[in-house]
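**Student:** Sharing a structure with you now.
Derivation of every value follows stated rules applied to the coordinates shown; laboratory data play no part. Please read all numbers here as calculations on a predicted model, not as lab measurements. Methodologically, a virtual Cβ is constructed for each residue, glycine included, from the backbone with ideal geometry; neighbour enumeration extends over all protein chains shown.
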Amino acid sequence: MKDPLQQQDATALFNEISQRLTGTPVNIVRDIAVSILINAIRATARTRSDAEAQINEVFYRAKSILLDAHYDSVTGKPRGVFPYTQVITPPLHVEPSGGINPK
C-alpha cells in the first residue's frame, strides 16, 4: 500500500507523534487527532460550506484508506497488510547434559 502521507517530512512527523503517544489510551489519541483536524480546517476554511467540504473530503479519504487497505471486502475481516517477512530467532537454548530424558 502506498504511504497516505506521501511526503518524507509528514512521515517523520507522524512517526514522532506516534512515538510520543505510545501508551496513551486510544480514545484520547482519537480526540487529539480530531482536534488537530478541526483546528486545521477552521484555520483554512473561509465559510461553513468550505469547512464542510473539507471535512467531508478528509473523512472520505480516511474511510477509503481504512476500509480498502485494511479490511477484506468479502469477509469484512482485517487484512494482513504487512508482508510476512519477519523472522523470529529464539535465543540459543542449551539442553542439560544427558539429552531430553536425563537419568
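**Student:** What's the magnitude of the charge dipole for segment 8-70 around its Cα centre, counting Lys and Arg as +1 and Asp and Glu as -1 at the beta-carbon? Answer in Debye, nearest 20.
**Tutor:** I would put it at about 160 debye.
**Student:** State, to one decimal in nm, how far the label point of Ile17 lies from the label point of Thr44, with both points 7 Å from Cα in the Cβ direction.
**Tutor:** Going by the 7 Å Cα→Cβ label model, 1.3 nm.
**Student:** Ala33 label point, 7 Å along Cα→Cβ, cut-off 17 Å on backbone N: hits in segment 46-79?
**Tutor:** The answer is 55-71, 78-79, whose backbone nitrogens lie closer than 17 Å to the label point.
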